[in-house]
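Let me begin by presenting the structure, written as structure tokens, before commenting on it.
The values are calculated or read from the model by the stated rules, or taken from the named source; none is laboratory data. Model, not experiment: these values are computed from the prediction. Don't worry about glycine lacking a Cβ; one is built from the backbone with ideal geometry, like all the others, and counts go over all protein chains shown. We work out accessible area using only protein heavy atoms, side chains counted, and drop any ligands, DNA or RNA first. Shrake-Rupley method; radii C 1.70, N 1.55, O 1.52, S 1.80 Å.
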Amino acid sequence: MLLGAGSGTGSGHGAGPDVRRCCCVRRWPQDRDWHMDWKLERSVQRTESPELQGQEGILEDIGEDGLSESFQLLQIDVECDCPDREPLPTSSATWCSKNVQRKQRHWEKIVAAKKSKRKQEKERRKANRVENTGICPQHSKRFLRALTKEKLLEAKHSGPRLCIDLSMTHHMSKKELSRLAGQIRRLYGSNKKVDRPFWICLTGFMTDSPLYEECLRMNDGFSSYLLDITEEDCFSLFPLETLVYLTPDSEHALQDVDLNKVYILGGLVDESIQKKVTFQKAQEYSVKTARLPIQEYMVRLQNGKNYHSEILAINQVFDILSTFLETHNWPEALKKGVSLGKGYVLRNSVE
């Protein structure tokens, strides 16, 4: 009955348990055949690959506690699979990453560009020296300094001479003293560059004054400037008949630069613009006065602020005097020293 029931379709009510038991008996050989086929296939793979045989033996021998050792063995096997690969050098001197190499090439380009820029700047300075002074570019800096020193010492004996009256600095503020120290630096720098320099004398200049401290602070090498520094007043240092005080309040326009005269500039920076300070001081000592011929060669320029001033910084006055001494042309000299901010332009530029 059981065999007959097992051969049926299992549609009867009483055949359910028996059919299931018979099915289990019938399906077990199939499972065992599949398992035998799998073992047969694995044995064939072991015979074909000795490496797999070794790995299988290792995997069968290890347990749960040998998991880390299996990973180490697998890493060794992976390295052995590539016998032709050369090991990477560990020395930083022989091997660098692509990122490091890229940064190195970028840095080399920057260094090369800086060297090229310095070379171009050096050539430009040489060309400027040739254009401005006519000196051959092969002369060294030592030779140029010696030549400048020789020209300045020659001006001390043969003129022209320029005196900066610094006896009025006690009325000036800290800011005004700093501005005056900067003007002295620019005046001295311009005097070294001209073909025919002036001999400069700073009179009424106390070495313990705030202005002297400002000059030392703001001007590099001020103590080694080739000029005269004295505490004496300019009116007692030179004969009065040789003095010409340049002041914008004078009635007389300066016509020429006489090498036998000593021209005085008032070292005064006054933001409140106190009028006729230098003019009154010159009158006290009966010294001749003169003004730059701004009114004769220049006209007022209309501007929004309606501002016009003939008061110039001492370095601007020096630029006008040195340019006129070289060119004997007042319009050209005034154009160099009088800026547009003063509200004046040359007559021919308006016409």
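Looking for whichever is over 23 Å from G189 (Cα atoms) and either in contact with a His (Cβ under 6 Å, 6 or more places away or on another chain) or not hydroxyl-bearing (S, T, Y) (or both) here; the options are Q316, Q255. Which one fits? I'd like the intermediate steps shown before the answer.
Values: Q316 fails: over 23 Å from G189 (Cα atoms).
From the options Q316, Q255, the qualifying one is Q255.
A single entry from L144, L152 fulfils the requirement of being in a helix (DSSP H, G or I), modelled with pLDDT under 90 and touching a Leu at 6+ places or on another chain (Cβ under 9 Å): L152. Within the range 192-206, residues that are within 23 Å of E232 (Cβ to Cβ) reach partners that are among the acidic types (D, E) and in a strand (DSSP E or B) with beta carbons closer than 7 Å, at six or more positions or on different chains, in the pairs C201/D228; L202/D228; T203/D165; G204/D165.
Could you look through the range 299-311, keep only residues that are within 37 Å of the chain's Cα centre (by Cα) and over 21 Å from T247 (Cβ atoms), and pick out the one that is least open to solvent (accessible area, probe 1.4 Å)? Looking at residues that are within 37 Å of the chain's Cα centre (by Cα) and over 21 Å from T247 (Cβ atoms), I get N303. Take the conditions (1) in contact with a helix residue (DSSP H, G or I) (Cβ under 9 Å, 6 or more places away or on another chain); (2) under 23 Å from R196 (Cα atoms); (3) outside any loop (DSSP other than H, G, I, E, B); A290 misses just one of them, which is (1).
Might you let me know whether the range 173-185 holds any residue that is touching a strand residue (DSSP E or B) at 6+ places or on another chain (Cβ under 6 Å), closer than 16 Å to I314 by Cβ and modelled with pLDDT of 90 or more? Even if it seems obvious, please write down each step before you answer.
Keep residues of the range 173-185 that are touching a strand residue (DSSP E or B) at 6+ places or on another chain (Cβ under 6 Å), which gives none.
There is no residue in the range 173-185 that is touching a strand residue (DSSP E or B) at 6+ places or on another chain (Cβ under 6 Å), closer than 16 Å to I314 by Cβ and modelled with pLDDT of 90 or more.
Against the list (1) in a loop (DSSP other than H, G, I, E, B); (2) farther than 13 Å from L246 by Cβ; (3) open to solvent by 30 Å² or more (accessible area, probe 1.4 Å), the condition Q283 fails is (1). For the range 227-279, which positions are of a type outside the set (D, E, K, R), closer than 19 Å to P197 by Cβ and open to solvent by 50 Å² or more (accessible area, probe 1.4 Å)? I229, L259, N260, listed by residue number.
Kindly indicate the residue of the range 207-226 that is assigned to a helix (DSSP H, G or I) and among the aromatic types (F, W, Y) and also surrounded by the most Cβ atoms within 10 Å (Cβ to Cβ) among those meeting that condition. Filtering first and then ranking leaves Y212.
Give me a count of the residues in the range 301-323 that are out of contact with any strand residue (DSSP E or B) (no Cβ under 8 Å at 6 or more places or on another chain), of a type in the set (A, V, I, L, M, F, W, C) and either more than 14 Å from L265 (Cβ to Cβ) or not in a helix (DSSP H, G or I) (or both).
At the first step, the residues of the range 301-323 found to be out of contact with any strand residue (DSSP E or B) (no Cβ under 8 Å at 6 or more places or on another chain) are 302-307, 309, 311-313, 315-316, 319-320, 322-323.
Now narrow it down to the ones that are of a type in the set (A, V, I, L, M, F, W, C): 311-313, 320.
Remaining after also requiring either more than 14 Å from L265 (Cβ to Cβ) or not in a helix (DSSP H, G or I) (or both): 311-313.
Residues in the range 301-323 being out of contact with any strand residue (DSSP E or B) (no Cβ under 8 Å at 6 or more places or on another chain), of a type in the set (A, V, I, L, M, F, W, C) and either more than 14 Å from L265 (Cβ to Cβ) or not in a helix (DSSP H, G or I) (or both): 3 in total.
Restricting attention to the range 145-188, and to residues there that are among the acidic types (D, E) and within 20 Å of F222 (Cβ to Cβ), which single residue is least open to solvent (accessible area, probe 1.4 Å)? Talk me through it step by step, then tell me what you get.
Step one: filter the range 145-188 for residues among the acidic types (D, E), giving 150, 154, 165, 176.
Cutting the leftovers down to within 20 Å of F222 (Cβ to Cβ) gives us 165, 176.
On the way: D165: 1, E176: 18 Å².
Among those residues, the one meeting the criterion is D165.
Checked against the criteria, C136 counts as loosely packed, with under 11 Cβ neighbours inside 10 Å, hydrophobic (A, V, I, L, M, F, W, C) and at pLDDT below 80. Pairs meeting the criteria (first residue in the range 101-120 and open to solvent by 100 Å² or more (accessible area, probe 1.4 Å), second residue part of a helix (DSSP H, G or I), beta carbons under 7 Å, at least 6 apart or on different chains) are lacking.
Being at pLDDT 90 or above and within 42 Å of the chain's Cα centre (by Cα) narrows it down to one of E296, E332, so name that one. So that I can check it myself, show each step before the final result.
Working: E296 fails: within 42 Å of the chain's Cα centre (by Cα).
Only one candidate passes the filter, namely E332.
Being assigned to a helix (DSSP H, G or I) and surrounded by fewer than 21 Cβ atoms within 10 Å (Cβ to Cβ) is a description that applies to E326.
Just one of the numbered conditions (1) touching a Gly at 6+ places or on another chain (Cβ under 9 Å); (2) assigned to a helix (DSSP H, G or I) is not true of L202: (2).
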